[in-house]
1. If F310 passes every condition in (1) within 25 Å of G358 (Cβ to Cβ); (2) open to solvent by less than 60 Å² (accessible area, probe 1.4 Å) but one, which one does it miss?
2. Counting residues that are surrounded by 16 or more Cβ atoms within 10 Å (Cβ to Cβ), in contact with a strand residue (DSSP E or B) (Cβ under 6 Å, 6 or more places away or on another chain) and at pLDDT 90 or above, which strands (runs of 3 or more DSSP E) fully inside region 182-238 reach at least 1?
3. Enumerate the pairs (first residue in region 97-111 and open to solvent by 30 Å² or more (accessible area, probe 1.4 Å); second residue anywhere and of a type in the set (V, I, T) and at pLDDT 90 or above) with beta-carbon separation below 6 Å, excluding pairs fewer than 6 apart on the same chain, so at least 6 apart or on different chains.
4. Across region 119-148, what is the total count of residues that are touching a Phe, Trp or Tyr at 6+ places or on another chain (Cβ under 8 Å) and touching a residue at least 60 places away in the same chain (Cβ under 8 Å)?
5. Looking for whichever is within 30 Å of A50 (Cβ to Cβ), surrounded by 12 or more Cβ atoms within 10 Å (Cβ to Cβ) and either aliphatic (A, V, I, L, M) or touching a Gly at 6+ places or on another chain (Cβ under 8 Å) (or both) here; the options are I73, I121. Which one fits?
6. With the requirement that a residue be within 20 Å of the chain's Cα centre (by Cα) and either over 24 Å from L266 (Cβ atoms) or assigned to a strand (DSSP E or B) (or both), what does region 9-36 give you?
7. Take the residues in region 34-88 that are among the basic types (K, R) and farther than 26 Å from T192 by Cα, then tell me which one is modelled with the highest pLDDT.
8. For residues in region 166-178 being touching a residue at least 12 places away in the same chain (Cβ under 8 Å) and touching an Asp or Glu at 6+ places or on another chain (Cβ under 9 Å), which is farthest from L235 (Cα to Cα)?
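The values are calculated or read from the model by the stated rules, or taken from the named source; none is laboratory data. In this text, all values refer to a predicted model and were calculated from it rather than measured experimentally. Don't worry about glycine lacking a Cβ; one is built from the backbone with ideal geometry, like all the others, and counts go over all protein chains shown. Surface areas here come from the heavy atoms of the whole protein model, side chains and all, with no ligands, DNA or RNA. Shrake-Rupley method; radii C 1.70, N 1.55, O 1.52, S 1.80 Å.
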Amino acid sequence: QPTTRLNMGLDLIGGTRVLLQSEENVSDAEMQQVVATLETRVNIYGLREAKFQAIKDVSGNNYAQIEMAGGSIEEIENLLSRQGRFEGKISKPVVFSNDVGTLRLSSRNYTVNYLGDSVTIDGSTLRVNGTTTLGGIETELANVTEDGAVFMFTVFRSEDIRSVCIQEQPGICVSRILPQGEGWEFNFQIFTSNEAAKRFADVTRGMRKIVSSSGSSTLEGRLFLFLDDKLITDLTIAGDLAGQEITQPSITGFRETRDEAQREKLTLQSILQSGSLPVKLSVVKVDQISPSLGQGFVKSAGISALAAMFAVATVIYLRYRRAKILIPMMIWSISELVLLLAAASVIKWTLDLSSIAGIIAAIGTGTNDQIMIIDEIIAGGKAERIYTVK
(Lines give C-alpha, C1' and ligand atoms only; values in the text may rest on other atoms or scores of the structure.)
Protein backbone atom coordinates (compact mmCIF):
# COMPACT_ATOMS: atom_id res chain seq x y z
CA GLN A 1 0.00 0.00 0.00
CA PRO A 2 1.26 3.53 -0.74
CA THR A 3 2.59 5.43 2.27
CA THR A 4 2.11 8.87 0.72
CA ARG A 5 -0.44 10.73 -1.36
CA LEU A 6 2.29 11.74 -3.80
CA ASN A 7 2.29 9.98 -7.17
CA MET A 8 5.80 8.77 -7.92
CA GLY A 9 7.02 8.29 -11.47
CA LEU A 10 8.35 5.20 -13.16
CA ASP A 11 11.99 6.16 -12.54
CA LEU A 12 11.41 6.58 -8.77
CA ILE A 13 9.32 3.59 -7.67
CA GLY A 14 9.93 1.27 -10.60
CA GLY A 15 7.27 -0.24 -12.83
CA THR A 16 6.71 -1.43 -16.36
CA ARG A 17 7.00 0.10 -19.80
CA VAL A 18 5.37 -1.86 -22.62
CA LEU A 19 5.43 -1.28 -26.36
CA LEU A 20 2.37 -2.57 -28.23
CA GLN A 21 1.97 -3.08 -31.96
CA SER A 22 -1.16 -3.76 -33.96
CA GLU A 23 -1.31 -7.11 -35.73
CA GLU A 24 -2.57 -5.29 -38.82
CA ASN A 25 -1.79 -2.01 -40.53
CA VAL A 26 -3.50 0.91 -38.79
CA SER A 27 -3.77 4.62 -39.47
CA ASP A 28 -2.77 7.41 -37.09
CA ALA A 29 -6.45 7.97 -36.23
CA GLU A 30 -6.94 4.30 -35.34
CA MET A 31 -3.85 4.30 -33.11
CA GLN A 32 -5.12 7.43 -31.36
CA GLN A 33 -8.38 5.55 -30.76
CA VAL A 34 -6.42 2.66 -29.23
CA VAL A 35 -4.71 5.06 -26.81
CA ALA A 36 -8.02 6.77 -25.97
CA THR A 37 -9.68 3.40 -25.26
CA LEU A 38 -6.85 2.36 -22.93
CA GLU A 39 -7.05 5.69 -21.08
CA THR A 40 -10.83 5.29 -20.75
CA ARG A 41 -10.33 1.84 -19.23
CA VAL A 42 -7.89 3.19 -16.64
CA ASN A 43 -10.29 5.98 -15.65
CA ILE A 44 -13.33 3.68 -15.48
CA TYR A 45 -11.86 0.63 -13.79
CA GLY A 46 -9.75 2.59 -11.30
CA LEU A 47 -6.50 0.88 -12.24
CA ARG A 48 -3.07 2.14 -11.34
CA GLU A 49 -2.11 5.46 -12.93
CA ALA A 50 -0.56 4.92 -16.34
CA LYS A 51 0.73 7.08 -19.18
CA PHE A 52 -0.16 6.32 -22.79
CA GLN A 53 1.47 7.53 -25.96
CA ALA A 54 1.10 6.82 -29.66
CA ILE A 55 4.56 6.65 -31.25
CA LYS A 56 6.17 5.74 -34.60
CA ASP A 57 9.44 4.18 -35.60
CA VAL A 58 11.68 5.39 -38.43
CA SER A 59 9.79 3.17 -40.87
CA GLY A 60 6.48 4.83 -40.03
CA ASN A 61 5.00 1.89 -38.09
CA ASN A 62 2.52 2.85 -35.38
CA TYR A 63 2.89 1.72 -31.76
CA ALA A 64 1.19 2.35 -28.44
CA GLN A 65 3.44 2.78 -25.41
CA ILE A 66 2.19 2.22 -21.85
CA GLU A 67 4.13 3.32 -18.76
CA MET A 68 2.69 2.12 -15.45
CA ALA A 69 4.55 3.29 -12.33
CA GLY A 70 4.69 0.54 -9.74
CA GLY A 71 2.87 -1.75 -12.14
CA SER A 72 3.61 -5.17 -13.56
CA ILE A 73 3.16 -6.86 -16.91
CA GLU A 74 0.20 -8.78 -15.41
CA GLU A 75 -1.65 -5.51 -14.71
CA ILE A 76 -1.09 -4.32 -18.28
CA GLU A 77 -2.29 -7.65 -19.69
CA ASN A 78 -5.39 -7.27 -17.50
CA LEU A 79 -5.88 -3.76 -18.90
CA LEU A 80 -5.73 -5.11 -22.45
CA SER A 81 -8.16 -7.95 -21.76
CA ARG A 82 -10.93 -5.76 -20.30
CA GLN A 83 -14.25 -5.90 -22.17
CA GLY A 84 -16.66 -3.24 -20.88
CA ARG A 85 -20.45 -3.62 -20.90
CA PHE A 86 -22.02 -0.53 -22.43
CA GLU A 87 -25.55 0.74 -21.76
CA GLY A 88 -27.28 3.87 -23.02
CA LYS A 89 -30.27 4.97 -20.93
CA ILE A 90 -32.77 7.76 -21.60
CA SER A 91 -34.41 9.57 -18.69
CA LYS A 92 -38.12 10.42 -18.80
CA PRO A 93 -39.90 12.45 -16.10
CA VAL A 94 -43.46 11.96 -14.84
CA VAL A 95 -45.36 14.74 -13.04
CA PHE A 96 -47.80 13.82 -10.25
CA SER A 97 -51.19 15.41 -9.71
CA ASN A 98 -52.99 14.15 -6.62
CA ASP A 99 -50.36 11.37 -6.36
CA VAL A 100 -51.09 10.12 -9.88
CA GLY A 101 -49.08 10.59 -13.07
CA THR A 102 -49.03 9.31 -16.64
CA LEU A 103 -46.03 7.76 -18.39
CA ARG A 104 -46.24 7.59 -22.18
CA LEU A 105 -44.27 4.83 -23.85
CA SER A 106 -44.76 4.39 -27.58
CA SER A 107 -48.52 4.54 -28.17
CA ARG A 108 -49.50 3.37 -24.68
CA ASN A 109 -50.04 5.39 -21.51
CA TYR A 110 -49.10 3.87 -18.13
CA THR A 111 -50.62 5.12 -14.88
CA VAL A 112 -48.06 5.83 -12.14
CA ASN A 113 -49.27 5.97 -8.52
CA TYR A 114 -47.18 7.69 -5.84
CA LEU A 115 -46.79 5.67 -2.61
CA GLY A 116 -44.30 7.78 -0.67
CA ASP A 117 -40.94 6.07 -1.20
CA SER A 118 -42.17 3.95 -4.12
CA VAL A 119 -44.56 3.89 -7.08
CA THR A 120 -46.83 1.36 -8.75
CA ILE A 121 -46.91 0.99 -12.52
CA ASP A 122 -48.43 -1.72 -14.70
CA GLY A 123 -49.03 -3.94 -11.66
CA SER A 124 -45.44 -3.62 -10.34
CA THR A 125 -44.28 -1.77 -7.23
CA LEU A 126 -40.93 -0.03 -7.70
CA ARG A 127 -38.58 1.62 -5.24
CA VAL A 128 -35.66 3.80 -6.30
CA ASN A 129 -33.23 1.74 -8.46
CA GLY A 130 -35.89 -0.95 -8.85
CA THR A 131 -36.43 -2.30 -12.37
CA THR A 132 -39.26 -3.75 -14.44
CA THR A 133 -40.05 -4.22 -18.13
CA LEU A 134 -42.47 -1.92 -19.95
CA GLY A 135 -43.23 -2.43 -23.61
CA GLY A 136 -40.27 -4.79 -23.91
CA ILE A 137 -37.85 -2.13 -22.59
CA GLU A 138 -35.94 -2.44 -19.31
CA THR A 139 -37.21 0.35 -17.04
CA GLU A 140 -35.64 1.66 -13.82
CA LEU A 141 -37.06 4.09 -11.27
CA ALA A 142 -34.23 6.61 -10.88
CA ASN A 143 -35.89 9.06 -8.48
CA VAL A 144 -39.26 9.76 -6.85
CA THR A 145 -40.66 12.71 -4.87
CA GLU A 146 -44.16 13.91 -4.07
CA ASP A 147 -44.01 16.09 -7.19
CA GLY A 148 -42.99 13.43 -9.68
CA ALA A 149 -40.73 10.56 -10.67
CA VAL A 150 -37.91 9.97 -13.15
CA PHE A 151 -37.66 6.70 -15.08
CA MET A 152 -34.61 5.45 -16.99
CA PHE A 153 -35.10 3.31 -20.11
CA THR A 154 -32.27 1.14 -21.45
CA VAL A 155 -32.35 1.74 -25.20
CA PHE A 156 -28.79 0.78 -26.18
CA ARG A 157 -26.52 -2.08 -25.15
CA SER A 158 -23.12 -3.25 -26.34
CA GLU A 159 -24.59 -5.56 -28.96
CA ASP A 160 -26.75 -2.73 -30.37
CA ILE A 161 -23.74 -0.64 -31.45
CA ARG A 162 -22.84 -2.11 -34.82
CA SER A 163 -19.91 0.23 -35.41
CA VAL A 164 -18.52 3.66 -34.58
CA CYS A 165 -17.02 5.89 -37.26
CA ILE A 166 -13.42 6.51 -36.17
CA GLN A 167 -11.98 7.90 -39.40
CA GLU A 168 -14.13 9.74 -41.92
CA GLN A 169 -14.87 7.90 -45.13
CA PRO A 170 -16.68 10.06 -47.72
CA GLY A 171 -20.01 8.60 -48.66
CA ILE A 172 -19.83 5.99 -45.89
CA CYS A 173 -19.55 7.71 -42.51
CA VAL A 174 -18.70 11.03 -40.88
CA SER A 175 -16.05 11.72 -38.21
CA ARG A 176 -14.71 15.25 -38.10
CA ILE A 177 -13.68 18.27 -36.02
CA LEU A 178 -14.40 21.72 -37.46
CA PRO A 179 -14.04 25.31 -36.19
CA GLN A 180 -17.37 26.72 -35.06
CA GLY A 181 -17.68 30.28 -33.80
CA GLU A 182 -15.21 30.76 -30.95
CA GLY A 183 -14.52 27.06 -30.51
CA TRP A 184 -14.47 23.66 -32.17
CA GLU A 185 -17.35 21.30 -32.95
CA PHE A 186 -16.89 17.55 -33.26
CA ASN A 187 -19.26 15.17 -34.99
CA PHE A 188 -19.22 11.44 -35.65
CA GLN A 189 -21.69 8.78 -36.72
CA ILE A 190 -22.62 5.53 -35.03
CA PHE A 191 -24.53 2.61 -36.50
CA THR A 192 -27.12 0.87 -34.32
CA SER A 193 -29.42 -2.12 -34.62
CA ASN A 194 -33.04 -1.79 -35.76
CA GLU A 195 -34.21 -3.00 -32.34
CA ALA A 196 -32.30 -0.19 -30.58
CA ALA A 197 -33.68 2.37 -33.04
CA LYS A 198 -37.23 1.19 -32.25
CA ARG A 199 -36.63 1.39 -28.47
CA PHE A 200 -35.27 4.93 -28.92
CA ALA A 201 -38.36 5.93 -30.90
CA ASP A 202 -40.74 4.36 -28.36
CA VAL A 203 -39.15 6.16 -25.41
CA THR A 204 -38.81 9.59 -27.03
CA ARG A 205 -42.21 9.65 -28.75
CA GLY A 206 -44.33 12.45 -27.27
CA MET A 207 -41.46 13.72 -25.10
CA ARG A 208 -41.64 17.44 -24.33
CA LYS A 209 -39.26 19.74 -26.23
CA ILE A 210 -37.23 22.53 -24.62
CA VAL A 211 -36.41 25.51 -26.87
CA SER A 212 -33.28 27.53 -26.08
CA SER A 213 -32.80 31.27 -26.58
CA SER A 214 -30.95 30.52 -29.84
CA GLY A 215 -34.00 28.73 -31.23
CA SER A 216 -32.60 25.17 -31.08
CA SER A 217 -34.68 22.53 -29.33
CA THR A 218 -33.74 19.54 -27.18
CA LEU A 219 -35.84 16.85 -25.51
CA GLU A 220 -36.51 17.03 -21.78
CA GLY A 221 -34.89 13.62 -21.36
CA ARG A 222 -31.14 13.03 -21.67
CA LEU A 223 -29.06 10.11 -22.89
CA PHE A 224 -26.86 8.68 -20.10
CA LEU A 225 -23.90 6.48 -21.06
CA PHE A 226 -22.81 3.74 -18.65
CA LEU A 227 -19.85 1.37 -18.78
CA ASP A 228 -20.00 -1.58 -16.37
CA ASP A 229 -22.78 0.20 -14.44
CA LYS A 230 -20.64 3.33 -13.98
CA LEU A 231 -22.00 6.62 -15.33
CA ILE A 232 -19.47 8.09 -17.74
CA THR A 233 -21.28 11.04 -19.33
CA ASP A 234 -24.68 12.29 -20.45
CA LEU A 235 -25.78 13.92 -23.71
CA THR A 236 -28.68 16.08 -24.81
CA ILE A 237 -31.04 14.76 -27.51
CA ALA A 238 -32.03 16.97 -30.44
CA GLY A 239 -35.72 17.87 -30.45
CA ASP A 240 -36.35 16.69 -34.02
CA LEU A 241 -35.32 13.12 -33.10
CA ALA A 242 -38.41 12.53 -30.94
CA GLY A 243 -40.18 9.36 -32.04
CA GLN A 244 -37.74 8.71 -34.90
CA GLU A 245 -36.28 5.27 -35.64
CA ILE A 246 -32.75 6.24 -36.60
CA THR A 247 -30.07 3.58 -37.15
CA GLN A 248 -27.29 6.03 -38.06
CA PRO A 249 -27.44 8.81 -35.45
CA SER A 250 -24.71 11.42 -35.07
CA ILE A 251 -23.00 12.50 -31.86
CA THR A 252 -22.18 16.21 -31.81
CA GLY A 253 -20.34 18.26 -29.21
CA PHE A 254 -18.57 21.57 -28.76
CA ARG A 255 -15.36 22.53 -26.92
CA GLU A 256 -13.33 25.73 -26.71
CA THR A 257 -10.08 24.26 -28.10
CA ARG A 258 -9.34 21.68 -30.74
CA ASP A 259 -7.40 19.48 -28.29
CA GLU A 260 -10.37 19.42 -25.88
CA ALA A 261 -12.74 18.55 -28.73
CA GLN A 262 -10.40 15.78 -29.88
CA ARG A 263 -10.16 14.28 -26.37
CA GLU A 264 -13.93 14.40 -25.83
CA LYS A 265 -14.59 12.83 -29.24
CA LEU A 266 -12.14 9.98 -28.62
CA THR A 267 -13.56 9.34 -25.13
CA LEU A 268 -17.13 9.12 -26.42
CA GLN A 269 -16.07 6.85 -29.27
CA SER A 270 -14.29 4.58 -26.78
CA ILE A 271 -17.37 4.36 -24.54
CA LEU A 272 -19.71 3.63 -27.43
CA GLN A 273 -17.41 0.83 -28.54
CA SER A 274 -17.94 -0.71 -25.09
CA GLY A 275 -14.28 -0.15 -24.32
CA SER A 276 -13.27 -2.77 -26.88
CA LEU A 277 -10.05 -2.14 -28.72
CA PRO A 278 -10.51 -1.35 -32.44
CA VAL A 279 -7.55 -3.60 -33.35
CA LYS A 280 -5.79 -6.57 -31.80
CA LEU A 281 -2.50 -5.68 -30.10
CA SER A 282 0.58 -7.72 -29.35
CA VAL A 283 3.43 -6.94 -26.93
CA VAL A 284 6.69 -6.37 -28.77
CA LYS A 285 8.85 -5.06 -25.91
CA VAL A 286 8.73 -4.95 -22.12
CA ASP A 287 11.00 -2.88 -19.87
CA GLN A 288 10.78 -3.74 -16.17
CA ILE A 289 12.36 -1.15 -13.87
CA SER A 290 13.26 -2.45 -10.43
CA PRO A 291 11.87 -0.61 -7.36
CA SER A 292 15.32 -0.83 -5.78
CA LEU A 293 16.77 1.16 -8.69
CA GLY A 294 14.09 3.78 -8.18
CA GLN A 295 14.86 3.96 -4.47
CA GLY A 296 18.47 4.66 -5.39
CA PHE A 297 17.29 7.54 -7.59
CA VAL A 298 15.19 8.94 -4.72
CA LYS A 299 18.14 8.72 -2.34
CA SER A 300 20.44 10.45 -4.83
CA ALA A 301 17.86 13.19 -5.46
CA GLY A 302 17.44 13.72 -1.70
CA ILE A 303 21.19 14.01 -1.19
CA SER A 304 21.40 16.48 -4.08
CA ALA A 305 18.60 18.58 -2.56
CA LEU A 306 20.26 18.64 0.88
CA ALA A 307 23.62 19.50 -0.68
CA ALA A 308 22.05 22.33 -2.66
CA MET A 309 20.30 23.65 0.47
CA PHE A 310 23.52 23.53 2.47
CA ALA A 311 25.47 25.30 -0.29
CA VAL A 312 22.82 28.04 -0.56
CA ALA A 313 22.77 28.50 3.23
CA THR A 314 26.57 28.78 3.29
CA VAL A 315 26.66 31.41 0.54
CA ILE A 316 23.87 33.43 2.20
CA TYR A 317 25.67 33.39 5.57
CA LEU A 318 28.98 34.43 3.97
CA ARG A 319 27.16 37.23 2.17
CA TYR A 320 25.26 38.74 5.12
CA ARG A 321 26.90 37.27 8.27
CA ARG A 322 23.55 37.52 10.04
CA ALA A 323 21.58 34.59 11.41
CA LYS A 324 18.39 36.67 11.54
CA ILE A 325 18.56 36.91 7.73
CA LEU A 326 19.71 33.34 7.07
CA ILE A 327 17.16 31.51 9.25
CA PRO A 328 13.97 33.16 7.84
CA MET A 329 15.23 32.64 4.28
CA MET A 330 15.84 28.93 4.85
CA ILE A 331 12.45 28.55 6.58
CA TRP A 332 10.85 30.24 3.56
CA SER A 333 12.63 27.87 1.15
CA ILE A 334 11.51 24.81 3.13
CA SER A 335 7.97 26.19 3.18
CA GLU A 336 8.07 26.53 -0.60
CA LEU A 337 9.05 22.87 -0.86
CA VAL A 338 6.23 21.76 1.45
CA LEU A 339 3.66 23.83 -0.46
CA LEU A 340 4.84 22.48 -3.82
CA LEU A 341 4.57 18.88 -2.63
CA ALA A 342 1.15 19.57 -1.09
CA ALA A 343 -0.07 21.02 -4.38
CA ALA A 344 1.38 18.00 -6.22
CA SER A 345 -0.62 15.61 -4.00
CA VAL A 346 -3.86 17.58 -4.55
CA ILE A 347 -3.65 17.78 -8.35
CA LYS A 348 -2.26 14.20 -8.68
CA TRP A 349 0.96 15.45 -10.24
CA THR A 350 3.37 12.59 -10.95
CA LEU A 351 6.84 13.22 -9.54
CA ASP A 352 9.80 11.93 -11.50
CA LEU A 353 13.49 12.86 -11.66
CA SER A 354 12.95 15.75 -14.07
CA SER A 355 10.16 17.24 -11.91
CA ILE A 356 12.36 16.97 -8.78
CA ALA A 357 15.09 18.84 -10.65
CA GLY A 358 12.49 21.48 -11.57
CA ILE A 359 11.42 21.82 -7.92
CA ILE A 360 15.04 22.34 -6.83
CA ALA A 361 15.48 24.95 -9.57
CA ALA A 362 12.23 26.71 -8.54
CA ILE A 363 13.35 26.89 -4.90
CA GLY A 364 16.72 28.22 -6.02
CA THR A 365 14.98 30.90 -8.10
CA GLY A 366 12.84 31.83 -5.10
CA THR A 367 15.95 32.16 -2.94
CA ASN A 368 17.51 34.40 -5.58
CA ASP A 369 14.43 36.65 -5.46
CA GLN A 370 14.70 36.84 -1.68
CA ILE A 371 18.35 37.92 -1.95
CA MET A 372 17.37 40.70 -4.36
CA ILE A 373 14.63 41.88 -1.97
CA ILE A 374 16.96 41.85 1.04
CA ASP A 375 19.67 43.74 -0.90
CA GLU A 376 17.10 46.36 -1.92
CA ILE A 377 15.95 46.75 1.69
CA ILE A 378 19.52 47.06 3.00
CA ALA A 379 20.51 49.48 0.24
CA GLY A 380 17.38 51.51 0.84
CA GLY A 381 18.19 51.87 4.52
CA LYS A 382 21.76 52.97 3.82
CA ALA A 383 20.65 55.42 1.17
CA GLU A 384 18.25 57.04 3.63
CA ARG A 385 21.06 57.62 6.14
CA ILE A 386 23.62 58.84 3.58
CA TYR A 387 21.57 61.04 1.28
CA THR A 388 19.42 63.94 2.35
CA VAL A 389 17.22 66.23 0.29
CA LYS A 390 17.63 70.00 0.87
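1. Just one mismatch for F310, condition (2).
2. Fully inside region 182-238 and qualifying: 183-192, 217-227, 230-238.
3. N109/T102
4. 1
5. Step by step, each of I73, I121 is checked, and only I73 is within 30 Å of A50 (Cβ to Cβ), surrounded by 12 or more Cβ atoms within 10 Å (Cβ to Cβ) and either aliphatic (A, V, I, L, M) or touching a Gly at 6+ places or on another chain (Cβ under 8 Å) (or both).
6. G9 - this is the single residue of region 9-36 that is within 20 Å of the chain's Cα centre (by Cα) and either over 24 Å from L266 (Cβ atoms) or assigned to a strand (DSSP E or B) (or both).
7. Across region 34-88, the extreme among qualifying residues is K56.
8. The extreme case among them is Q167.
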